Each structure stands twice: as structure tokens, then as C-alpha cells.
1. Kindly evaluate E69 against the criterion of being of a type in the set (D, E), assigned by TED's automatic domain parsing to the domain that holds F152, more than 19 Å from Q172 (Cβ to Cβ) and at pLDDT 70 or above.
2. Need a quick list: helices (runs of 4 or more DSSP H) entirely within the range 148-242 having at least 3 residues that are not assigned by TED's automatic domain parsing to the domain that holds Q52.
3. Does the range 116-158 hold any residues that are under 22 Å from P96 (Cα atoms) and either touching a helix residue (DSSP H, G or I) at 6+ places or on another chain (Cβ under 6 Å) or of a type in the set (A, V, I, L, M) (or both), and which are they?
4. Tell me, please, whether a residue that is charged (D, E, K, R), buried (at least 16 other Cβ atoms within 10 Å of the Cβ) and at pLDDT 80 or above can be found in the range 44-55.
5. Which ranges mark the helices (runs of 4 or more DSSP H) fully within the range 74-127 that have 2 or more residues being within 33 Å of the chain's Cα centre (by Cα), at pLDDT 80 or above and not assigned by TED's automatic domain parsing to the domain that holds S192?
6. Starting from the range 145-174, take each residue that is closer than 12 Å to M67 by Cα and list its partners that are in a helix (DSSP H, G or I) and of a type in the set (A, V, I, L, M, F, W, C), counting only C-beta distances under 6 angstrom and pairs at least six apart or across chains.
7. Go over the candidates M212, M216, M206, M226 one by one and state the one that is at pLDDT below 90, more than 30 Å from L62 (Cα to Cα), of a type outside the set (K, R) and more than 24 Å from the chain's Cα centre (by Cα).
8. How about the range 243-254: which of its residues are part of a helix (DSSP H, G or I) and free of Cβ contacts under 8 Å to residues at least 12 places away in the same chain?
Amino acid sequence: MKRILFAIAAPVALATAPAPALAQDSAGDAEMQQLSAMFSQMFTAEPLTAEQEARLPLATELVVQVMPEGFYGRMMEDMLGGILDPLMSMMPETMPAGEIAAYLGQPVDVVEAMDEGERQAIAAMIDPQYGARLDAGMDYMMGELVKQLVAFEPYMRDGLSRAYAARFTQPQLEDIAAFFATETGSLYATESMMVFTDPQVMSASMQAMPMMLEDMPRIMGEMEQMMSAAGQARGFGDLSQQERERIANALSISVAELRKGMEQASAK
């Protein structure tokens, strides 16, 4: 069940969330702090010039029209729905064969060889709430994800405002404002970003997905070759006696214990 939830939610979260979420335990908190520090330093923008700062108020007014309060949450709900609804329609309503086998302690092929009706009947006996629990888990997970994305909205609005001020001159911003003041411009302002969640756009995007998935084995294989060509980690036999002693001393173990541990690890 957890694997199914993760398989559905992980790509959605990676595609939409501003930053990865980590478990909120002591180790997760420390890792989150490190990750936050890394992200804060990863993308640093040049301060706006005095001329650009002067354009910021008008740029902000335009961005508010493009991204009004609550916009990001609505857009993400539409986008998540467009992604999740087709995925959820393919999810099993009863416990799949692999989980039945694990629950009963039987080989998967034995369960898969069962008559489909009999297997579903057994699944319903074992876990009659399987589908309802999956739905409840996804509803909660997506609700929490949307909350996080809504909290991201003010930062996105501020960033867009500064980008407008940096990329457009004052006359250009005034031209955009004049266009937004028209009936067509007002409609464009409110729809220019929401259009990316339109079923036409989502459908076209999904059509490219099989091509990407088909090419992924090649990409992963070539990536592994490139990484392998860059060199491998050194084994016990590759280390000098001085290096072995230094590592063993740091671990408060003997060189023999170090050798045993490294050889066992490499054999896995």
C-alpha cells in the first residue's frame, strides 16, 4: 500500500513542489536544515538596480493580475487533478497479487496463477477496505501537498515581480498594463498561467511521456557507464597500510576488523 501511494505521489511532488519534503524526526530536521541552506545558496539573484527598483511597484501590480491571491493553490489543484485522476483510475481497488502473497506468506506466482475472481474474493476477505484506504491516503497526501504549495505562492509572486522589473522597461510595463486594462488583456492576465493546466495542454504533455520512459533505460545505462569511467571507490586491497591503519584507528577497530567489514560490504 505504501509503495503504491509513493509511486503515485512521488512524481507529482517532484514535479510541483518547490522543495523536497523530509520526515519530521530529529534526523529529518537536521537534514532539512542542511537542505534548506543548500537551496538558499543554490540560486542567488543579483540585486535590482535603482532603475529596476523604481519599476518594481508597477511590475508587482501586473503580477498580482497574473497571479491573484489563491491562484497558485487553484492552479496546483487543477494540475494535480489532471495528473492524478488518470493514475488513480488505473490503481487496483482490491489488494494486488504481490501484496496478497506477502500477507499470506506464499509465492507470488502461486497467487498470480489463481482465477481472477477467486483472487479478488480472497483480497476482499483479507482487506475489504483496501481501495477506501488508498483513496483516503491519496486525498490526505494531496491536500497536504496543496497546502505547502499555497504557502509557496507569496514567494513566487515576489520573484515574478522582481523578474518583471528586471526584464521589462518602464514603457514596456506600461504597455502591458494598458493591455491588461482591456477586456481581452484582463482575460489573458488571469488565464495566461492557468492555461498550463488545461486538459489540452496536459494531454499533449502526457503524449510525450511514453517517449521519455522508453528512452530512460538508455539514459540510465549510459549514465552508469559515464560514472564508472570516472573511477570506482577503492577496496581494502587498494589502500596502503598507512591508510588502513588511519581508517581503523578512526573507527577504533583493528585493521583485521576493517578488512572483514570492507570485504563483507563489497560482497553485497
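The values are calculated or read from the model by the stated rules, or taken from the named source; none is laboratory data. Everything numeric here is computed off the predicted structure, so don't read it as measured data. No Cβ is skipped: glycine too gets one built from the backbone with ideal geometry, and neighbour counts run over all protein chains shown.
1. Values: of a type in the set (D, E): yes; assigned by TED's automatic domain parsing to the domain that holds F152: yes; more than 19 Å from Q172 (Cβ to Cβ): yes; at pLDDT 70 or above: yes.
For E69, the condition - of a type in the set (D, E), assigned by TED's automatic domain parsing to the domain that holds F152, more than 19 Å from Q172 (Cβ to Cβ) and at pLDDT 70 or above - is met.
2. Details: elements: 170-180, 183-191, 199-229.
The qualifying helices (runs of 4 or more DSSP H) are 199-229.
3. The answer is A121, I122, A123, A124, M125, I126, A132, L134, A136, G137, M138, M141.
4. Just the residues of the range 44-55 that are charged (D, E, K, R), to begin with: 46, 51, 53, 55.
The next check asks that each one be buried (at least 16 other Cβ atoms within 10 Å of the Cβ); those that pass are 55.
With the extra rule that they be at pLDDT 80 or above, the set shrinks to 55.
Checking the range 44-55: at least one residue is charged (D, E, K, R), buried (at least 16 other Cβ atoms within 10 Å of the Cβ) and at pLDDT 80 or above.
5. Details: elements: 97-104, 108-112, 116-126.
Qualifying helices (runs of 4 or more DSSP H): none found.
6. Every condition considered, the pairs that remain are R157/V63; L160/V63; S161/A59; S161/V63.
7. Details: M212 fails: more than 24 Å from the chain's Cα centre (by Cα); M216 fails: more than 24 Å from the chain's Cα centre (by Cα); M206 fails: more than 24 Å from the chain's Cα centre (by Cα).
Among M212, M216, M206, M226, only M226 is at pLDDT below 90, more than 30 Å from L62 (Cα to Cα), of a type outside the set (K, R) and more than 24 Å from the chain's Cα centre (by Cα).
8. At the first step, the residues of the range 243-254 found to be part of a helix (DSSP H, G or I) are 243-251.
Hits for the range 243-254 are E243, E245, R246, I247, A248, N249, A250, L251.
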